[in-house]
Structures are given as C-alpha cells and as structure tokens.
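J.: Would you mind keeping the following structure in view while I ask a few things?
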Amino acid sequence: MPSSKSKRKQQRNKKGGGKPAAGHSGDTKAKNVSGSKTEPKMSLSAKELDIIHKQQPLYGMVSRNVSGPRVRLSLESEVNPFTKQPHTAQYKQILEGRKTLPIFAQMDEFLKLFQQNQIIVLVGETGAGKTTQIPQFVVFADLPHTRGKMVACTQPRRVSAMTLAKRVADEMDVQLGRQVGYSIRFEDMTEPGTTFLKYMTDGMLLREAMNDPDFTSYSTIILDEAHEHTLATGILMGVLKAAAKRRPDLKIIIMSATLDVVKFQKYFNIRSSGQAPLFKVPGRTHPVEVFYTQEPEPDYVEVAIRTVLMIHRAEGEGDILLFLTGEEEIEDACRKIKLEADELHNQDPDTVGPISCIPLYSSLPPAQQQRIFDAPPQSKIGSAPGRKVVVSTNIAETSLTIDGIVYVVDPGFSKQKVYNPRIRVESLLVSPISKASAQQRAGRAGRTRPGKCFRLYTEKDFMKELDEQTYPEILRSNLANTVLELLKLGVKDLVTFDFVDAPAPETLMRALELLNYLAALDDDGNLTPLGAMMADFPLDPQLAKMLIVSPEFRCSNEILTITAMMSVPNIWLQPANQRREADAAKARLTVPDGDQLTLLNVYNEYRQNSGDKNWAWNNYINQRAMAQAENVRSQLERVMEQFEIELVSIADTKKLYVAVRQALVNGFFMQVAHRKGQQGNYITVKDNQVVALHPSCGLEGQPEWVLFNEFVLTTRPYIRTVSEIKPEWLLEYAASYYDLRSFPESEYKTALQRVSAKRYGTATTTTSSKRSGSNGKSGTPDGREPKKPKFPPQTK
DNA sequence: GAGCACTGC
C-alpha cells in the first residue's frame with residue numbers, strides 16, 4: 001500500500017507546487033471556486049461531481065486557493081481524500097458531530113483569511129474545537145502532501161500532542177502515525193514522506209529548528225496555547241518571526257485562549273503590512289457564576305476548607321475542585337475536609353451526603369492521579385447525594401481536565417518560579433495568580449453544565465491587584481540553556497534579538513558569562529565547536545560540558561549515568577509513616593564522597609537487580625523516576641555516538657570516584673562552596689552566599705570544599721546534591737575562572753592561594769597542566785596570562 | 001532534619 005501511494009505522490013509532485021492536487025490539468029474550475037467574493041458557485045459538471053464523490057475528493061483543488069464549499073464537498077465524499085479508501089461509518093458519525101461546532105460554520109471565513117495573510121492570530125476559548133479543527137482546515141487549504149511539506153501544530157505538553165493527534169487521526173479517518181502523527185521526546189510517531197499533519201511539543205520543534213532554521217519541512221506552523229507564555233513558545237515566536245521574513249511562503253497561525261492577543265498581533269507585524277489579523281472563535285462552555293468575598297481573607301487555606309464544606313452543605317449535586325499551591329498544603333487540606341465532612345454527614349445523612357476527597361499533584365504516582373476520575377461516593381437511598389472533592393495544584397488548570405466539576409474554589413495563589421540573576425538562583429514562591437489564570441480556573445466549573453466559582457478574594461482585588469497575564473516564563477528563568485539554543489539557531493546578537501518579551505539584560509549577561517566560562521562561547525561571543533556540540537544534548541550546559549569532557553577522565557560511562565540521574569525528578573521515596581525505614585534504605589545506598597556518586601550507585605544497583613521487580617519499592621526508590629533515567633540515559637548515549645564520544649570506565653572504584661568528581665568540576669566549577677566556621681555554614685565562591693548543606697545530603701562530615709548541583713531557597717538557603725572536591729582540581733580544570741587576581745578578598749581566596757603556592761610555587765600565578773584540553777578556555781598553557789573575556793557585555 | 005508549581009529537549 002505505501003508504494004502505490006508514494007507513486008501517486010511522485011506524479012503529483014512532478015507537476016509542481018501550484019498545480020492542481022489530483023492530476024487534473026485544467027484548473028479553471030478552481031478559479032471559479034475561489035475567485036468570487038460572495039458564496040462561490042461551484043460550476044462543476046455532474047461528471048466532475050461524480051469524480052469528487054467517488055474517486056478523487058481533491059480533484060481540481062489548488063493549494064492555498066481553496067474555498068469552504070469545495071472542502072465540504074471533499075469531506076462528504078465516499079472516499080477518503082488522503083488514503084482513497086472508502087470512509088468508515090465512524091468517520092461519518094464523527095463528521096456529524098464536527099459540523100455542530102461553531103468553528104465549523106466559520107470555515108469559509110477562515111480559509112479566506114488564511115489565503116490572504118501570511119500570519120494570523122486566532123483566539124478561542126477552550127472547548128471551541130480550534131486545536132482539532134483549524135489544523136484540518138489548514139491541511140485542505142495547504143494540501144501539504146502535494147508539495148512534500150507538512151503542517152505542524154505545537155503544544156506545550158506531550159500528552160496534548162499525543163491525544164490530539166489520535167483524535168484528529170480518527171476525525172480524518174486515517175491511521176495514527178501515518179498521514180497524521182505526533183512527535184515528542186522519546187517517541188516519533190510519524191512516517192517520513194507520508195505524515196503531513198504533525199502534532200508536536202514546542203520544544204521538539206525548537207530542536208528541529210536547530211538543524212533547519214528556515215523550517216523547510218513545513219508549509220504552515222500552528223502555535224497553540226500561546227497564552228500560556230511558556231519558555232519554548234516565547235523562543236519559537238521569535239525564531240518563527242525571523243523565518244517568516246526569509247520565507248514568504250511559510251504561514252504561521254498563533255492560537256490563544258485569552259483575548260489579550262493585541263501583543264501578538266503587533267509583534268507579528270512583518271513587512272509593515274499593519275498588525276496581524278485576528279480571527280475569533282466563539283467558545284462552547286457553559287456559563288459560570290462568579291462569587292467574591294466581601295473582605296480580604298488572611299488565611300486562604302482555612303477559608304478554602306470552610307468554603308468547600310459550605311458548598312457541600314448548601315449547594316446542589318456536583319463535584320468540587322479546590323486549587324491550592326503544593327503537596328503538603330493539599331494533603332493537609334484533604335485530611336481536614338474529610339474529617340469535618342464525615343462528621344457533618346454522620347450527624348445528618350439526609351441533608352449532607354458522603355464525601356470523597358482526592359489530592360492531585362504531579363509527583364503522585366499515575367495510579368493515584370487516576371482517582372480523580374472515580375465516581376463520587378454512593379449514598380443510601382433517600383439520603384443526600386455523594387460528592388467528590390478534588391484538591392489540586394495548577395496541574396488541574398491546564399494539564400488535566402476533570403469532568404463533572406460544577407464548583408471551583410479559587411484562593412488566588414499558585415507557586416511560581418522566580419529567577420534572581422544576581423545570585424543565579426531559581427526558586428519557587430507562592431504568588432497571586434493572574435486574571436487570565438483566574439478565568440481559566442473558573443472555566444473548569446462549566447465544562448459539563450452551568451457552574452459556580454468562589455474566589456476567596458474581593459472583586460476589587462481581582463480588578464486592581466491581579467496582573468492581566470501570568471508573567472512570561474522567559475522573564476522568570478535562568479536562560480543559560482535558552483541562550484545556547486538561540487546561538488545554535490543562528491541568532492548572532494542576543495541583545496538586539498526580537499523577543500516577544502525581552503529578558504532582563506542581566507539575565508542574558510549571566511547566561512553568556514556561564515557559557516563563556518564553559519568554553520561554549522569564545523571571547524567574541526561566537527559559538528565554539530564545543531558549544532555547538534553541547535547544544536545538541538538535551539541538557540543544561542554544565543551537564544553537557546561535563547559529559548563531553550568525561551572521556552578525558554576515563555569515566556564517561558559513569559558521568560553518562562549521573563547526568564541522566566540528575567535530569568529526572570527526585571528518586572527518593574519517603575512515605576510519611578515509614579520515614580525511618582526510608583532513611584535506613586537511603587543510608588545503605590549512600591556513597592559518603594558525594595551525592596552524585598550516590599546517584600551512580602543507586603542506578604547501578606537498580607540495574608544489577610533488574611530481575612527483582614520489588615527492588616525499587618523495597619529500597620524506597622521511585623520506580624518511575626528510575627525508568628525515566630534509563631530512558632534519558634539511552635537518548636544521551638545516542639547523541640554521544642553521533643559525536644563519537646567514547647564510553648569508558650575505570651575498574652578501580654577508588655580511582656573511579658576521584659575521576660568522576662574531577663569530571664564534575666569541569667561542568668560545575670562555578671557552583672562551589674567553602675566551609676566557613678564550625679556551624680555547618682558554607683560560603684559560595686564568588687557569589688558569597690551563606691548556605692548550608694541540605695538535610696538530604698549524604699556527605700560524611702563537612703568537607704572543606706564542596707561542589708553543588710542546586711542552590712535552593714526554602715526555610716533558608718541550602719545547597720543540594722553535593723560532592724566533596726579538592727581545591728587543586730579547581731585551579732587545574734577551571735584556571736581562567738579561578739584566576740585568583742580577579743577574586744574578592746575572602747577566606748576562600750586565601751585558602752586557594754595557599755593551595756596554589758604549594759602547587760605552583762607562587763600564590764598569584766595560575767598555570768595549568770591543561771588536562772581538560774577539549775577547548776582553549778579552561779587552561780592557560782605556557783604560563784600565558786589569561787585573556788580577560790570581553791564577554792559578557794557590560795550593562796549599565 | 002527538609003520538601004517538589006508545572007512543563008519541555
């Protein structure tokens with residue numbers, strides 16, 4: 001079957017881009033179809049109609065010159081336009097459903113706007129069907145398969161890309177992974193040459209762009225969920241805008257669920273043709289009545305619990321969704337709600353029904369997450385109906401949809417990432433949500449029938465205090481990775497790069513500085529060969545650097561494992577009632593020289609015991625995280641193979657553990673702390689932050705010099721995932737960063753000077769044996785003075 | 001003696 005199809009496609013391709021799609025030579029009919037301004041008359045003969053209906057549904061259609069009536073004719077055909085197979089009964093049934101979507105009635109209008117513009121901004125509430133229907137309209141308008149191109153539709157999350165592709169494949173009556181497919185990390189469900197509609201994560205499209213900055217595989221790119229302002233979406237917009245200027249034939253559609261789209265319209269004003277046109281799609285959700293508190297409430301958790309109980313007592317049937325900020329808060333609230341609701345029910349079962357209270361957050365095992373789809377508890381005949389209460393983080397705002405929710409309780413807070421470029425620290429802070437977020441939360445009450453939303457803040461606060469939109473992620477993140485990606489994408493000047501939301505100069509400066517010290521950038525800010533290689537690894541720059549140089553330390557096999565383990569969420573389980581057992585299990589697996597070595601040890605033990613299905617569980621290790629680490633490890637191994645980076649190891653454990661920590665220094669020499677006093681305090685080198693070892697740290701005692709993976713700001717500043725290192729390694733493998741002349745006077749400077757004097761005979765000159773010779777940066781051979789980097793650019 | 005909002009390559 002594939003061979004006959006590709007033959008047909010070759011015949012079409014011979015005819016070239018603008019020619020009729022179905023081998024029909026005279027395209028006069030097509031002109032008739034789309035040429036007139038009013039509802040076009042389709043002056044098709046009975047014979048032609050018969051061809052369209054029974055053999056060639058795309059007969060006579062011309063790419064980007066297609067009208068609604070003509071598309072509908074193709075949809076009603078007996079045969080599938082793309083497979084030439086007879087349509088199934090399921091197709092016809094789904095098509096009837098699609099026809100009732102409001103967006104379906106706007107097809108003609110959309111096709112016209114699409115034809116006339118290179119870039120469109122489209123706004124429509126969730127449930128309008130825009131994500132399933134618009135890509136299909138575009139497929140008919142573009143006929144990408146006749147030109148060897150694809151239509152892409154990007155999503156911020158993997159699950160959405162997968163489920164949408166499945167849904168649309170059904171709607172188009174094709175097999176998933178053939179004409180319609182998806183592409184996400186670890187899974188490419190497409191067939192090159194056959195797939196012409198591809199759902200994918202925005203991160204995946206960004207990866208592709210690194211090797212093809214003009215997006216040449218695509219005729220149209222649809223960017224969905226733009227209102228979420230995620231990092232990848234922000235970068236993609238900038239890159240797409242640049243590509244659209246170079247490629248007038250590349251069409252772009254920006255889709256958003258909130259009305260605040262003027263920003264996008266203005267941003268995509270290319271060729272000075274005025275702002276990009278807006279296409280509006282009506283929503284299809286039920287009305288939600290919104291209530292506010294009269295006075296600001298000081299303790300939102302307490303009020304939230306009271307509100308849930310009030311709804312349970314006084315409101316009609318329907319489930320409740322309460323938004324809180326984190327795991328502990330959620331588990332705590334669930335306990336209290338359950339306790340009080342049970343009491344109410346026992347006192348008066350006739351008016352107050354039974355309740356089930358279900359926590360929801362991402363680190364819950366999938367089986368427990370599934371509980372949100374359970375039916376509410378049954379009540380005895382004659383007594384009040386049962387009710388389900390879901391207490392959730394923001395995961396229920398976007399990622400997971402729970403049907404049957406009628407009441408939403410919104411205290412107006414969520415944990416949000418904030419970045420402090422001065423000390424290069426990302427942390428999580430409970431912050432007020434935006435208006436857009438509050439609206440999204442309220443909308444969760446109206447998915448199946450009219451609902452109610454109780455906001456635990458005043459209407460005045462909503463109007464005056466909340467931001468319109470959530471602050472874009474690009475303004476709240478460490479951009480080291482992003483900057484490396486942009487450079488690999490061919491962006492020369494980051495300071496003048498046209499961002500939708502330009503990051504703070506200090507943030508860019510910090511990123512450039514780090515990349516320069518890692519030798520990913522030369523002193524003129526150009527990507528080095530090492531930097532180009534680093535960009536191809538789906539890793540933070542420090543991890544990529546350490547992995548690439550690890551063969552020089554004969555431990556690339558181990559560094560590969562550690563890198564994978566450091567790329568997955570926390571592997572340690574600590575059930576509340578088994579803390580002592582969990583701690584004991586952890587102690588058994590701990591390597592006292594460093595937490596990174598402990599991670600290596602856990603992975604190796606896990607693999608050695610792969611026959612024992614209960615090993616992870618018995619050792620209080622998160623099985624899911626381990627499986628993820630295996631996955632990441634093999635992906636990284638493939639990239640290493642591409643670059644012919646050898647996988648080597650040292651048999652002697654003692655020597656191996658030294659080599660591993662030396663390799664760590666090559667990536668993390670900027671994350672080093674020195675012990676200060678006897679109180680367990682450390683001070684970070686150059687940033688001078690007072691920190692403590694995180695209680696989860698497995699180091700024996702308090703070594704003088706440590707390297708850390710993470711700086712976390714919680715009850716106090718901690719460093720987490722820590723290894724002991726020797727100061728000589730810093731001088732040897734990161735000589736230019738540890739040029740002591742540039743150091744502020746400090747205890748650690750004095751200590752390093754002592755080491756330097758002992759080693760090189762002088763306290764100020766740093767020479768190097770240049771062992772990490774994969775770049776010209778981290779050593780100063782021949783005693784030459786280290787060159788002062790021009791990077792990063794200084795800001796005022 | 002803490003804690004991990006969420007997502008992505």
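J.: Looking at (1) within 13 Å of DNA strand B (Cβ to nearest atom); (2) buried (at least 21 other Cβ atoms within 10 Å of the Cβ), which is the one condition that is false for A:I559?
T.: A:I559 satisfies every listed condition except (1).
J.: For the stretch A:428-443, give me the residue count where each residue is surrounded by 16 or more Cβ atoms within 10 Å (Cβ to Cβ) and farther than 15 Å from A:C453 by Cβ.
T.: 3
J.: Next question, about the same structure. Just to be sure I understand, how many residues within the stretch A:566-598 are under 24 Å from A:I725 (Cβ atoms), touching a helix residue (DSSP H, G or I) at 6+ places or on another chain (Cβ under 8 Å) and within 13 Å of DNA strand B (Cβ to nearest atom)?
T.: 7
Residues are listed down the side, and each one gets a yes or a no for (1) in contact (Cβ under 8 Å) with a residue 60 or more places away in the chain; (2) farther than 23 Å from A:I402 by Cα:
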| site | (1), (2) |
| --- | --- |
| A:C334 | no, no |
| A:L339 | no, yes |
| A:L344 | no, yes |
| A:P354 | no, no |
| A:S363 | yes, no |
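J.: If A:Q93 meets every condition in (1) outside any helix (DSSP H, G or I); (2) modelled with pLDDT of 90 or more apart from one, which number is that one?
T.: So the condition that A:Q93 fails would be (1).
J.: For A:P349, work out the one condition from (1) exposed (fewer than 11 other Cβ atoms within 10 Å of the Cβ); (2) in contact with a Ser or Thr (Cβ under 8 Å, 6 or more places away or on another chain) it doesn't fulfil.
T.: (1) is the only condition that A:P349 fails.
J.: Related question: Are any of the residues in the stretch A:656-676 under 18 Å from A:S746 (Cβ atoms), within 15 Å of DNA strand B (Cβ to nearest atom), in contact with a strand residue (DSSP E or B) (Cβ under 6 Å, 6 or more places away or on another chain) and not assigned by the TED database to the domain that holds A:T561?
T.: Within the stretch A:656-676, not a single residue is under 18 Å from A:S746 (Cβ atoms), within 15 Å of DNA strand B (Cβ to nearest atom), in contact with a strand residue (DSSP E or B) (Cβ under 6 Å, 6 or more places away or on another chain) and not assigned by the TED database to the domain that holds A:T561.
J.: Could you check the stretch A:591-627 and list, in sequence order, the residues that are crowded, with 18+ Cβ neighbours inside 10 Å, assigned to a loop (DSSP other than H, G, I, E, B) and touching a residue at least 60 places away in the same chain (Cβ under 8 Å)?
T.: Selection gives A:V591, A:D593.
J.: Residues to consider are A:D212, A:D249, A:D202, A:D188; find the one that is at negative phi, acidic (D, E) and crowded, with 18+ Cβ neighbours inside 10 Å.
T.: Result: A:D202 is the single residue among A:D212, A:D249, A:D202, A:D188 that is at negative phi, acidic (D, E) and crowded, with 18+ Cβ neighbours inside 10 Å.
J.: Which fully enclosed strands (runs of 3 or more DSSP E) of the stretch A:187-252 have 2 or more residues being in contact with a Phe, Trp or Tyr (Cβ under 8 Å, 6 or more places away or on another chain), at pLDDT 95 or above and within 12 Å of DNA strand B (Cβ to nearest atom)?
T.: Because the criterion is at least 2 residues that are in contact with a Phe, Trp or Tyr (Cβ under 8 Å, 6 or more places away or on another chain), at pLDDT 95 or above and within 12 Å of DNA strand B (Cβ to nearest atom), the strands (runs of 3 or more DSSP E) in the stretch A:187-252 that meet it are A:197-201.
J.: Right, here's the next one. Hey, among the residues in the stretch A:167-186 that are assigned to a strand (DSSP E or B) and of a type in the set (G, A, S), which one's farthest from DNA strand B (Cβ to nearest atom)?
T.: A:G181
J.: So which helices (runs of 4 or more DSSP H) are wholly in the stretch A:359-471 and hold at least 2 residues that are within 14 Å of DNA strand B (Cβ to nearest atom) and among the polar types (S, T, N, Q)?
T.: Those helices (runs of 4 or more DSSP H) span A:366-369, A:435-443.
J.: Let me ask something else. Which of the following residues is β-branched (V, I, T), assigned to a strand (DSSP E or B) and either within 30 Å of A:K241 (Cβ to Cβ) or not assigned by the TED database to the domain that holds A:A226 (or both): A:T163, A:T154, A:T126?
T.: Only one candidate passes the filter, namely A:T154.
J.: Within the stretch A:530-556, restricting attention to residues that are within 11 Å of DNA strand B (Cβ to nearest atom) and within 26 Å of A:A651 (Cα to Cα), which residue is surrounded by the fewest Cβ atoms within 10 Å (Cβ to Cβ)?
T.: So, considering only residues that are within 11 Å of DNA strand B (Cβ to nearest atom) and within 26 Å of A:A651 (Cα to Cα), the one surrounded by the fewest Cβ atoms within 10 Å (Cβ to Cβ) is A:L543.
J.: On to the next question. With part of a loop (DSSP other than H, G, I, E, B), in the same structural domain as A:N577 (by the TED database) and in contact (Cβ under 8 Å) with a residue 40 or more places away in the chain as the only criterion, which of A:E630, A:E646, A:E637 stands out?
T.: Going through A:E630, A:E646, A:E637 in turn, just one is part of a loop (DSSP other than H, G, I, E, B), in the same structural domain as A:N577 (by the TED database) and in contact (Cβ under 8 Å) with a residue 40 or more places away in the chain: A:E646.
J.: Now, a different point. May I ask you to list pairs of residues, at least six apart or on different chains, whose Cβ atoms are under 6 Å apart, with the first in the stretch A:166-192 being farther than 22 Å from A:T88 by Cα and the second being part of a strand (DSSP E or B) and of a type in the set (S, T, N, Q)?
T.: Matching pairs, first to second residue: A:I184/A:T201; A:T190/A:S183.
J.: Which count do you get for residues in the stretch A:700-739 that are surrounded by fewer than 18 Cβ atoms within 10 Å (Cβ to Cβ) and away from DNA strand B (no atom under 16 Å from the Cβ)?
T.: Qualifying residue count for the region: 4.
The values are calculated or read from the model by the stated rules, or taken from the named source; none is laboratory data. None of these values were measured; they are calculated from a predicted model. So basically every Cβ, Gly included, is an ideal-geometry build from the backbone, and we count neighbours across all protein chains shown.
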